[in-house]
Amino acid sequence: MSESRPASDAAAADPSLTFEDWDEPPLPPNELADVFNALDKASRALRLYNPNNPMYQSFRAQLSAAFAKLWDRIPALQVQVEEHAFRCFGRSFQAGEGRESLPFAFYKDGVRVLTFLPGFETEAERFLRVVNKARQIDQRDTDDMVTLLWEEEFTAFQYSYVDALAEGIAIPEAGGLALERIEPLTLRTDLETPDPRELPPAVQEGKPTVAATVSSEDFQETLYFLEPAELEHLQQEVEREWRRDTKSAVLDALFDRLEDSGADRRLEILRILRQLLAAWLGRGDLASATKVLVEINALISGTQLGEVELKEALDLFNELNDPQVLGQLLESLENGSIDPSSDELGVFLSHLNASALPVLIRATEMTESSAVRQRLRTALEGLGRQHAKQLVALIDSPDDATARGATRIAGQLGLSDAAVKAAAFFRRSDVAGRRVAIEALVQMRNSTALAAAQDALLDEDREVRIAAARGIGALKYQPARPRIEEILESKGLRETDLTEQIAFFEAFAALAGADGVKALDRMLNGRRLLGKLTPEMRTCAAMALGKVATPEAREALQQAANDAHPMVRSAVARALGREAAAR
């Protein structure tokens with residue numbers, strides 16, 4: 001029997017933690033039953049619900065409360081694992097039924113003793129994930145419950161296990177000694193002076209006994225014992241070795257052998273790395289997986305690999321682009337079972353090929369998690385930059401989500417080659433697609449894209465019109481000036497809200513500059529046949545004059561400094577202040 005985690009000293013010293021039958025157990029059986037029931041219910045709930053689901057959170061809270069109640073009366077809870085039940089304080093407790101039971105999940109992999117320590121409730125979440133992952137392990141997989149528990153490095157949970165294959169094998173007993181052949185010895189119990197004839201010859205001759213030649217000083221520190229500085233150095237080296245990243249060290253050793261070994265050895269190492277890569281992806285360890293991809297990609301780019309090894313390496317990369325593998329990765333991201341940073345995810349995705357783009361882009365657009373969506377969009381920029389041609393082609397995809405996502409990323413990357421396709425997508429898309437397309441067209445910053453953005457000024461959707469006006473103003477796209485002037489004079493703009501009016505007036509100020517002061521002055525201070533413009537329109541004109549910031553613009557603003565309407569006066573004051581600061 002091999003034991004991976006010894007019980008704590010406090011737990012071992014307490015006789016209430018053994019498996020003997022108890023006349024008076026320290027805990028009522030019904031309370032222990034509640035603990036095991038809570039453990040089983042929380043485990044099953046995690047299989048049915050996402051971690052953020054209220055139902056799961058309720059079972060999870062009940063589990064923490066059940067364990068928290070124990071520590072006032074016992075220092076630890078030690079449980080013996082039987083095939084279909086947990087045994088504790090001489091009683092058996094069920095936790096599920098048959099091969100789906102919680103005890104069987106541990107028993108089948110050789111775990112025979114579980115010890116729960118104070119603070120376990122803070123690690124219960126990780127414990128439940130390990131149990132559910134162990135249930136899903138295929139028989140051909142090299143991992144088991146013991147391996148998964150060992151990797152988690154719990155501090156408030158310990159376990160003992162046996163080699164399941166060796167359990168039950170009878171060990172032959174050693175042959176006994178023929179005791180009748182050993183002459184019995186009698187120990188002296190009296191304190192009388194021994195018979196001189198019984199003493200050793202040397203002592204009979206007057207020489208000292210062996211005991212007399214041994215002194216306590218012989219066991220003191222010798223002249224060559226370590227100095228305090230040397231002891232401190234050794235302690236530091238031990239701590240450094242304890243903290244050393246063993247996984248990285250093993251990987252580095254494999255990579256070294258991969259570069260200087262023969263063909264057979266390289267093929268064997270590549271197959272090992274292929275298995276490790278799949279395991280790390282399943283656990284969300286993208287940092288280690290990426291390290292493997294970087295090293296193997298360098299080998300593929302070089303000349304070290306032969307034909308057979310090269311095929312093995314390429315097959316490894318091809319597996320990563322399989323839709324099923326990508327789907328599992330995306331599912332793990334969405335349910336929160338893995339939580340890599342955007343940088344880790346981006347570096348990993350950059351090693352995929354163009355065939356992964358449509359799967360990842362569509363998943364990014366369809367996910368309901370805003371955090372996952374933002375992380376994927378950031379990470380996809382690297383992959384899109386590497387495969388820009390394929391990314392642009394995806395804008396023509398018949399799937400709206402894929403086309404929308406490809407347009408978005410092309411805009412983020414500023415791919416001017418995508419302008420024609422993005423403009424076509426704008427014309428054929430729904431409102432959500434047009435909003436994405438107009439932002440992308442503005443980011444592309446070329447004439448084709450901005451010509452399409454000019455058409456968006458008259459779009460039926462308010463958000464599209466505002467984005468187009470702001471983009472054209474920011475880029476000072478002069479061909480759009482007549483269209484902007486026409487909109488300013490139109491009745492339709494007066495019927496829109498203040499935000500949209502401001503966007504168009506500021507776009508006009510950016511395009512016209514000093515040439516637009518007269519028109520803006522007329523709108524702010526001039527009178528029309530039916531009176532002045534609305535206060536909202538005059539407010540926008542004042543803000544636009546502040547943007548122009550010329551002496552003529554300042555003079556027009558000062559004429560309205562004492563305007564009767566408070567909204568106009570406030571806008572003029574802010575514009576004059578901004579104009580003064582600009583000087």
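Restricting attention to region 108-138, the residues that are over 20 Å from L63 (Cβ atoms) and part of a loop (DSSP other than H, G, I, E, B) total 6.
Here are A410, A437, A424: which of them is surrounded by fewer than 20 Cβ atoms within 10 Å (Cβ to Cβ), at pLDDT 90 or above, under 24 Å from A388 (Cβ atoms) and among the small types (G, A, S)?
A424
For A356, the criteria (1) crowded, with 19+ Cβ neighbours inside 10 Å; (2) in a loop (DSSP other than H, G, I, E, B) hold in every case but one, which is (2). Do we have I484 as over 24 Å from Q412 (Cβ atoms), in a helix (DSSP H, G or I), among the hydrophobic types (A, V, I, L, M, F, W, C) and in contact (Cβ under 8 Å) with a residue 40 or more places away in the chain here? Against the criterion (over 24 Å from Q412 (Cβ atoms), in a helix (DSSP H, G or I), among the hydrophobic types (A, V, I, L, M, F, W, C) and in contact (Cβ under 8 Å) with a residue 40 or more places away in the chain), I484 does not qualify. Right, A7: at pLDDT below 90 and not in a loop (DSSP other than H, G, I, E, B) or not? Here the answer is no, as A7 does not meet what is asked.
Does T364 satisfy the condition of being buried (at least 16 other Cβ atoms within 10 Å of the Cβ), in contact with a Gly (Cβ under 7 Å, 6 or more places away or on another chain) and under 30 Å from N52 (Cα atoms)? Before the answer, list the steps.
Numbers: buried (at least 16 other Cβ atoms within 10 Å of the Cβ): yes; in contact with a Gly (Cβ under 7 Å, 6 or more places away or on another chain): yes; under 30 Å from N52 (Cα atoms): yes.
So T364 fits the description; yes.
Pick out the one residue from L524, L533 that is farther than 17 Å from A469 by Cα, hydrophobic (A, V, I, L, M, F, W, C) and outside any helix (DSSP H, G or I). Steps first, please.
Details: L524 fails: outside any helix (DSSP H, G or I).
None of the other options fit; the residue is L533.
Taking region 332-349, which residues are free of Cβ contacts under 8 Å to residues at least 40 places away in the same chain and assigned to a helix (DSSP H, G or I)?
Step one: list which residues in region 332-349 are free of Cβ contacts under 8 Å to residues at least 40 places away in the same chain, which gives 334, 341-343, 346, 349.
Matches in region 332-349: E334, S342, D343, G346, L349.
Being more than 25 Å from A449 (Cβ to Cβ), surrounded by 15 or more Cβ atoms within 10 Å (Cβ to Cβ) and not aliphatic (A, V, I, L, M) is a description that applies to G546. Put simply, of L299, L329, L316, L293 the only residue that is within 19 Å of G262 (Cα to Cα) and either assigned to a helix (DSSP H, G or I) or in contact with a Ser or Thr (Cβ under 9 Å, 6 or more places away or on another chain) (or both) is L299.
Within region 371-393, being over 22 Å from V420 (Cα atoms), surrounded by 22 or more Cβ atoms within 10 Å (Cβ to Cβ) and among the small types (G, A, S) holds for one residue alone: A379. Scanning region 86-113 for residues that are within 21 Å of V146 (Cβ to Cβ), among the small types (G, A, S) and in contact with an Asp or Glu (Cβ under 9 Å, 6 or more places away or on another chain) yields A95, G96, S101, G110.
One residue alone among R578, R527 is at pLDDT below 90, more than 30 Å from P479 (Cβ to Cβ), of a type in the set (K, R) and surrounded by fewer than 19 Cβ atoms within 10 Å (Cβ to Cβ), and that residue is R527.
Could you list all residues from region 44-102 that are acidic (D, E) and farther than 19 Å from E31 by Cα? Outline the logic, then answer.
Just the residues of region 44-102 that are acidic (D, E), to begin with: 72, 82-83, 97, 100.
Listed by number, the residues that qualify are E82, E83, E97, E100.
To keep it simple, each residue is scored yes or no on (1) closer than 21 Å to A467 by Cβ; (2) modelled with pLDDT under 85; (3) in contact with an Asp or Glu (Cβ under 9 Å, 6 or more places away or on another chain); (4) not β-branched (V, I, T).
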residue	(1), (2), (3), (4)
L352	no, yes, no, yes
L394	no, no, no, yes
S397	no, no, no, yes
A403	yes, no, yes, yes
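Filter region 277-290 for residues that are out of contact with any helix residue (DSSP H, G or I) (no Cβ under 7 Å at 6 or more places or on another chain) and part of a helix (DSSP H, G or I); which is surrounded by the most Cβ atoms within 10 Å (Cβ to Cβ)? This residue is G282.
Got a sec? Which of L305, L270 is over 22 Å from the mean Cα position of the chain (by Cα), outside any helix (DSSP H, G or I) and surrounded by 18 or more Cβ atoms within 10 Å (Cβ to Cβ)? Selected residue: L305, the only one of L305, L270 that is over 22 Å from the mean Cα position of the chain (by Cα), outside any helix (DSSP H, G or I) and surrounded by 18 or more Cβ atoms within 10 Å (Cβ to Cβ).
Looking for something touching a residue at least 40 places away in the same chain (Cβ under 8 Å) and not basic (K, R) - is there at least one such residue anywhere in region 236-252? Steps first, answer last, please.
Residues of region 236-252 touching a residue at least 40 places away in the same chain (Cβ under 8 Å): 247-248, 251.
Imposing the further condition that a residue be not basic (K, R) reduces the set to 248, 251.
So far as region 236-252 goes, yes, one or more of its residues are touching a residue at least 40 places away in the same chain (Cβ under 8 Å) and not basic (K, R).
The values are calculated or read from the model by the stated rules, or taken from the named source; none is laboratory data. Keep in mind the model is a prediction, meaning the values are calculated, not measured. Ideal geometry is used to build each Cβ from the backbone, glycine not excepted, and the neighbour counts take in all protein chains shown.
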